[in-house]
Amino acid sequence: MSNPLVRKIVLALAAPVVAGVFAIIISAIILELSGSDSIQTFQTVLENGAKLETFIDTLNRATPLYLSAVAAAIGFRMNIFNIGVEGQYILAAFVAAVVGSRIDLPGPLHVLVIVLTAMLVGAAFSGLAGLMNITRGVNVVISTIMLNFVATGGIVAALLPRVIEDPTAANQGTPTIAESGRIPNLNGIVEVFTREIGKGRELTGVLMFAVLAGIAFHVVLNRTRLGFDIRASGKNPVAARVGGVPPKRMVMYAMLATGASAGLVGMPEILSDNNAYDQGFIQGLGFAGIAIALLGRNSAGGMVFAALLFGFLDSSSAVLQVRASASSEIVVIMQATFLLAAVVAYEVINRIRQRDEVSRAAQMAGVTS
Amino acid sequence: MKGGAGLVSGPAFVFPARLVSPSPASQERHVALSPAIELIGITKRFPGVIANDSVNLTVEEGEIHAICGENGAGKSTLMKILYGMQKADEGVMKVNGQEVSFSSPTEAIAQGIGMVHQHFMLADQMSVIENVILGSEPMKSAGRIDFEGAKARLAEVGAAYGLSVNPDDLVDSLEVGERQRVEIIKVLFRGARILILDEPTAVLVPQEVEELFKNLRELKQDGATILFIDHKLEEVLDISDSITVIRKGKTVATVKASDVTAGDLAELMVGSELPSPTTTEAVVGGDVALEVRNLTVLDEDERPAVNDVSVAVHKGEIVGVAGIEGNGQTELINAIIGIDQPASGQITLLGEDITSASVRHRREAGLGLVPQDRHSEGLLLDAPLWENAALGHQTKAPFAKGIWLDRPGARGRTAEIREEFDVRSPGVDVSARALSGGNQQKLIIGREMSAKPEVLIAAHPTRGIDVGAQADVWNDIRAARANGLATLLFSADLEELIGLSDTIVVMFHGRLVATLDPAEIDPRTLGSYMTGAALAETEGAA
C-alpha cells in the first residue's frame with residue numbers, strides 16, 4: 001500500500017530535482033571554463049538569497065512572470081501556441097497608462113479602471129488572432145508573432161510620441177498616473193511576520209492579482225465544465241468535437257482569456273513602479289512566460305515554483321553584476337539549462353509513469369505483461 | 001474449404017481442386033520455373049487480432065496478380081510482410097524459389113521487390129530525377145552526384161518499360177497519374193522485377209486508371225511481375241491474370257480472371273456461408289426515432305460523398321449499414337452527429353429537425369455515438385477514466401452541476417460503468433491509454449449506454465477487440481434494443497451486421513443501393529451490392 005505511494009512522490013519530485021542538479025553542474029562547468037570561481041559564485045548567490053530584500057525582489061520579479069505564464073498556459077492547455085503575450089501586455093500597459101493618466105477617480109476605482117482597461121485591450125488584441133483563426137484558418141503561431149510586431153513596433157511606437165508629456169525628459173513616456181491610480185505596496189503584510197523591509201524595497205500590490213489569476217486559472221480549468229471542455233480540446237480536439245465541444249468557440253474563449261491575463265503582466269510597472277509607460281518599459285516578459293509555463297507544466301502550482309525560481313535567478317543576476325565575481329549572464333545559462341533538463345526529465349518520468357499504469361491495468365485485466 | 005456450396009451458379013467454377021491453392025500451383029504452367037513469389041502459411045498476430053492466418057499465395061513470374069478483399073481483411077499486412085516492413089510470426093516466404101526472410105525493405109529491394117505505396121512518397125520540391133535517385137544516388141568522384149549517368153539510366157528504364165517521364169520536371173508540377181508513374185519508375189530504377197502496388201487506382205480519375213493499366217500491361221510484357229491490391233472488382237477483372245481473395249486474414253481462393261464474373265468475386269469476398277440472425281423477438285413497430293431524408297453531403301472536392309440517402313430507424317430497431325469502407329459511411333455518420341454540414345436533406349431526431357443543430361444539442365437530445373476510431377474520436381488517452389466517461393455527456397448530471405464539473409458524481413458514474421460493463425482497470429484514475437483496446441471499447445459503450453440515449457450511432461463497435469469483449473458489446477447492444485433503443489449500426493463484420501440487425505441497408509458510392517432482410521440474405525446478393533457488381537450487371541444488361 002505504502003510502496004506505490006512512495007513511488008508516486010519520488011516520481012513527482014524526481015524531475016525538478018534532477019533538472020536542478022543538472023543545471024547547477026552545467027553552470028559550474030561554464031563558470032570554471034570562463035575563469036570564475038564557481039563555489040564562490042554560488043556562495044554569493046545563496047548569501048544574497050537569504051536576505052529579506054532579495055525575497056521581496058524575487059516576489060516582485062515573479063509576479064509579472066507568473067501572470068505571463070498563466071496567460072501562455074491557458075492557450076497551451078488547449079494546444080494553442082499563443083506566443084503573442086509579449087505584444088498583448090505591452091500594448092495593454094501602454095493603453096492603460098494613457099487612460100490612467102487622463103482620468104481622475106477616487107482610489108480603488110481609478111486602479112480598477114486601469115486594470116480593466118489593460119485586460120480588455122489584451123483580450124481584444126489576442127481575440128484578433130483568435131478571430132483570424134476561426135474565420136480564415138490563420139495559424140495562431142504566425143498571427144500572434146506578427147501581431148507582436150504590430151503592437152510594439154507599430155501601434156505603440158507610433159502613438160507614444162503623441163502622448164509624451166515632457167519632450168525634454170531623459171526617459172520619455174506617458175504622463176505619470178495620479179496618486180489615486182497607484183496600488184499600495186504589501187510591505188505591511190510581510191512585516192507582520194518579519195523584520196522591517198529595507199528602504200527602497202516595496203512588495204508590489206499586483207502580487208494579489210497574480211494570486212487571484214492563479215486561483216482562477218486552477219478552479220476554472222479543473223472544476224468547471226468550461227475547463228473540462230478546454231482540457232478535452234487540448235488533449236484530443238477530434239474527440240472533444242465529437243463529444244459536443246464547439247471548437248471555434250473554445251478557441252475564442254482561450255484567446256480572450258489569454259489576452260486578459262496578458263493585460264495584467266505590465267501592471268506592476270504601471271501601478272507600482274513607474275506609474276507610466278515610458279521608453280524603458282520592460283520587454284520580454286511574454287517570452288519568459290512561455291518558459292515558465294513549460295517549466296511549471298502548465299499547472300497553477302507548478303508555475304508558482306517556476307516563476308519564483310526564475311525571479312530569484314533574475315534577482316541574483318543583479319547581485320553578481322554588482323559584485324562582479326562572475327558574469328551575470330551565468331543566470332541566463334542556468335535558466336536555460338534548468339528548463340531544458342526539466343523538459344527532458346518530465347518526459348522520462350512521464351514514460352515511467354505510463355509504463356507503471358499499463359502494467360497495473362494489465363494485471364487487473366488478467367493479462368500477463 | 002467448406003464454402004463450395006454457394007458457388008454453383010458461378011460459370012466455369014470448379015471447386016475445390018483448381019481454385020484453392022493450398023499447394024504450390026506450379027503444375028499448370030511453367031512446370032520447370034519456380035513462381036516469382038510463394039508465401040506458405042504466413043501468420044501475423046497483433047495483440048487481440050490475427051491479421052494474417054496462415055495465408056498461402058503463389059504469384060507466377062510475369063503475371064499480374066490481384067489481391068482482393070475488404071478493408072481489414074489483411075491485404076496490407078500481407079504486403080508489408082512481403083516488402084520487409086513487418087515480420088511474419090510464422091510461415092515461409094520464397095522469392096524465385098529461394099527461401100527469404102526480410103527484416104527491412106532494403107533487403108526486399110535487394111531481392112528485386114519494389115512497392116508503390118497508396119500515398120506517394122515523393123519530395124514535391126525536387127525534380128523527377130532527384131526523387132528517383134533519392135537514397136541511392138550514383139556518385140562520381142569527389143562526392144558529386146552523377147546526374148548525367150542517372151538520367152541516361154532513367155531513359156533506359158523508361159524505354160524498356162514504356163514509361164515516359166521528363167527527368168527535370170518538378171514533382172510539384174505533376175498530375176497525380178504522373179506522380180504515380182514516377183513512383184513506379186523509381187522502383188524499377190532500383191532494379192525491381194516484382195512490383196507491389198497498394199490500391200493504385202484509389203487516387204486516380206478514370207482516364208488515369210486507363211493510362212496506368214496500359215503501363216502495367218507493358219510492364220508485364222517486358223517481364224515484370226505485378227502484385228496489385230484492390231477491391232474494385234471491375235478493375236481487378238480488367239487488369240489481372242489471377243486473383244487471390246482474402247477474407248478475415250485467410251486466403252479464400254485463387255482464381256483465373258478469365259474464369260470468373262464480378263458476381264463470383266463478390267461472393268468470394270463476402271463469404272459463402274453467412275451467419276444467421278440471432279437478434280430475437282423483433283419488436284419493430286415503434287415510432288421513428290431517427291430519420292434521415294434525402295441527405296446529400298459533399299466532400300472536399302464538392303462531389304457527393306453521401307448521395308440522396310434516406311433511412312429511418314424505429315425505437316427498438318437496429319438498422320445495419322453494410323458496405324466497403326470509403327463509400328460514404330464516415331460522411332453519413334459525421335452528418336448525423338453534426339460534425340459535417342449536409343448540402344441538402346433533413347435529419348430528424350425524435351421528431352425534432354436537427355439538420356443544423358450543434359453536436360452538443362444533438363448529444364443532449366439523446367444521440368449516442370460509438371465512434372469508428374476509438375483512439376482518435378472516442379477517448380482522451382492521457383486523461384483519467386472518469387474524464388473519458390464524462391466526454392460527450394459533460395453538460396449533464398451526474399457529470400455536471402450547473403457550470404461546475406461534478407467530480408464526485410463523475411467518478412461515481414465511472415465506477416458504475418466499470419462494474420456494469422466489466423471495464424478491467426485498477427481504478428477510475430488511470431489514464432485511458434493504460435487500458436487494452438477491448439476495455440477501452442467497453443468504457444465507450446458503457447459511457448454511451450449509461451447515458452440512456454434514444455438513438456445510438458454505432459460505428460464498428462467491436463473492431464480490433466478480442467472475442468470475449470466482442471460478445472459483451474453485442475449483448476449490451478441487444479439489451480439496449482430490448483429497452484427501445486434505436487440503433488444505426490455501421491460495420492464491416494458481416495457476422496455482427498447480420499447477427500444484430502433487424503434490417504440491413506447497403507451503401508455503395510454514397511448511395512443506399514439495397515434494403516435487405518438479414519433472415520433471408522444470401523451472400524451473392526449482399527456481395528454484389530457491396531462491391532457494385534449488382535449495379536454493373538444491371539447496367540451491362542441495359
Query raised in the report: Out of (1) farther than 22 Å from A:Thr63 by Cβ; (2) within 14 Å of another protein chain (Cβ to nearest Cβ); (3) in contact (Cβ under 8 Å) with a residue 24 or more places away in the chain, the odd one out for A:Ala240 is which?
Result: (3)
Query raised in the report: Can you tell me which of A:Ser317, A:Ser328, A:Ser359 is surrounded by fewer than 18 Cβ atoms within 10 Å (Cβ to Cβ), without any contact (Cβ under 8 Å) to a residue 60 or more places away in the chain, under 24 Å from A:Thr54 (Cα atoms) and of a type outside the set (D, E, K, R)?
Result: A:Ser328
Report task. Report yes if some residue within region A:196-215 is under 25 Å from the mean Cα position of the chain (by Cα), at positive phi and of a type outside the set (Phe, Trp, Tyr); otherwise report no. Result -> yes
Requested in this report: Determine which member of the set B:Gly91, B:Gly158 is in contact with a Ser or Thr (Cβ under 6 Å, 6 or more places away or on another chain), in contact (Cβ under 8 Å) with a residue 24 or more places away in the chain, assigned by TED's automatic domain parsing to the domain that holds B:Lys220 and within 27 Å of B:Leu212 (Cα to Cα).
Outcome: B:Gly158
Query - Filter result (buried (at least 18 other Cβ atoms within 10 Å of the Cβ) and either in contact with an Asp or Glu (Cβ under 6 Å, 6 or more places away or on another chain) or without any contact (Cβ under 8 Å) to a residue 60 or more places away in the chain (or both)) within region A:96-116 - result: A:Val99
Report task. Give the residue that is surrounded by the fewest Cβ atoms within 10 Å (Cβ to Cβ), with candidates limited to residues of region B:433-449 that are within 12 Å of chain A (Cβ to nearest Cβ) and in contact with a strand residue (DSSP E or B) (Cβ under 8 Å, 6 or more places away or on another chain). Result -> B:Glu448
Query raised in the report: How do the pairs read when you match residues in region B:138-152 that are without any contact (Cβ under 8 Å) to a residue 60 or more places away in the chain and assigned by TED's automatic domain parsing to the domain that holds B:Val165 with residues anywhere that are assigned to a strand (DSSP E or B) and surrounded by 14 or more Cβ atoms within 10 Å (Cβ to Cβ), using Cβ under 8 Å and keeping only pairs 6 or more apart or on different chains?
Result: B:Pro138/B:Ile145; B:Met139/B:Ile145
**Report entry** Scope region B:487-520; condition over 18 Å from the mean Cα position of the chain (by Cα), buried (at least 20 other Cβ atoms within 10 Å of the Cβ) and in a loop (DSSP other than H, G, I, E, B); matching residues
**Finding:** B:Ser501, B:Asp502, B:Pro518
Query raised in the report: Among (1) within 19 Å of B:Glu291 (Cα to Cα); (2) of a type in the set (A, V, I, L, M); (3) more than 8 Å from chain A (Cβ to nearest Cβ); (4) surrounded by fewer than 23 Cβ atoms within 10 Å (Cβ to Cβ), which single condition is B:Ile339 missing?
Result: (3)
Query raised in the report: What number of residues within region A:169-208 satisfy the criterion of being touching a residue at least 12 places away in the same chain (Cβ under 8 Å) and assigned to a loop (DSSP other than H, G, I, E, B)?
Result: 22
Query raised in the report: Can you name the condition, by its number, that A:Val220 falls short on among (1) crowded, with 19+ Cβ neighbours inside 10 Å; (2) within 27 Å of the chain's Cα centre (by Cα)?
Result: (1)
Report summary line: Conditions (1) at the interface with another protein chain (Cβ under 9 Å from one of its Cβ atoms); (2) of a type outside the set (Lys, Arg); (3) free of Cβ contacts under 8 Å to residues at least 24 places away in the same chain; (4) surrounded by fewer than 20 Cβ atoms within 10 Å (Cβ to Cβ) -> B:Glu364 fails only (3)
Report summary line: If you go through B:Ala123, B:Ala88, B:Ala152, B:Ala110, the only one that is of a type outside the set (Lys, Arg), surrounded by 19 or more Cβ atoms within 10 Å (Cβ to Cβ) and on the phi < 0 side of the Ramachandran plot is B:Ala88
Query raised in the report: Residues A:Leu46, A:Leu128, A:Leu59, A:Leu65: which one is free of Cβ contacts under 8 Å to residues at least 60 places away in the same chain, closer than 30 Å to A:Glu191 by Cα and of a type outside the set (Lys, Arg)?
Result: A:Leu46
Requested in this report: Please work out which one of (1) at pLDDT below 95; (2) surrounded by fewer than 22 Cβ atoms within 10 Å (Cβ to Cβ) is the condition A:Asn236 fails and give its number.
Outcome: (2)
Query raised in the report: Somewhere in region B:66-80, is a residue of a type in the set (Asp, Glu) and assigned to a strand (DSSP E or B)?
Result: no
Query - Selected residue (criterion: nearest to B:Pro371 (Cα to Cα)) from residues of region A:243-273 that are within 14 Å of chain B (Cβ to nearest Cβ) and not charged (D, E, K, R) - result: A:Gly243
Report task. Assess whether B:Leu405 counts as being at pLDDT 95 or above and of a type in the set (A, V, I, L, M). Result -> no
Query raised in the report: How many of the residues in region B:212-250 are surrounded by fewer than 17 Cβ atoms within 10 Å (Cβ to Cβ) and either at pLDDT below 85 or touching a His at 6+ places or on another chain (Cβ under 6 Å) (or both)?
Result: 1
Requested in this report: Identify the single condition in (1) more than 14 Å from every other protein chain (Cβ to nearest Cβ); (2) more than 27 Å from B:Gly402 (Cβ to Cβ) that A:Gly214 does not satisfy, given that it satisfies every other one.
Outcome: (2)
Query - Selection within region B:369-392 - over 23 Å from B:Pro408 (Cα atoms) and either more than 8 Å from chain A (Cβ to nearest Cβ) or in a helix (DSSP H, G or I) (or both) - result: B:Val370, B:Gln372, B:Asp373, B:Arg374, B:His375, B:Ser376, B:Glu377
Query raised in the report: Which of the residues spanning region B:259-276 are at pLDDT below 80 and part of a loop (DSSP other than H, G, I, E, B)?
Result: B:Gly271, B:Ser272, B:Glu273, B:Leu274, B:Pro275, B:Ser276
Report summary line: Going through (1) surrounded by 16 or more Cβ atoms within 10 Å (Cβ to Cβ); (2) more than 11 Å from every other protein chain (Cβ to nearest Cβ); (3) of a type outside the set (Ser, Thr, Tyr) one by one, B:Val359 fails only at (2)
Requested in this report: Could you look through region B:41-65, keep only residues that are of a type outside the set (Asp, Glu) and in a loop (DSSP other than H, G, I, E, B), and pick out the one that is surrounded by the fewest Cβ atoms within 10 Å (Cβ to Cβ)?
Outcome: B:Pro47
Report task. Could you tell me whether region B:406-425 includes any residue that is within 12 Å of chain A (Cβ to nearest Cβ), in a loop (DSSP other than H, G, I, E, B), in contact (Cβ under 8 Å) with a residue 40 or more places away in the chain and closer than 30 Å to B:Ala305 by Cβ? Result -> no
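The values are calculated or read from the model by the stated rules, or taken from the named source; none is laboratory data. Note that the coordinates shown come from a computational prediction; the quantities given were computed from them, not determined experimentally. Note that each Cβ is placed from the backbone with ideal geometry, even for glycine, and that neighbours are counted across all protein chains shown.
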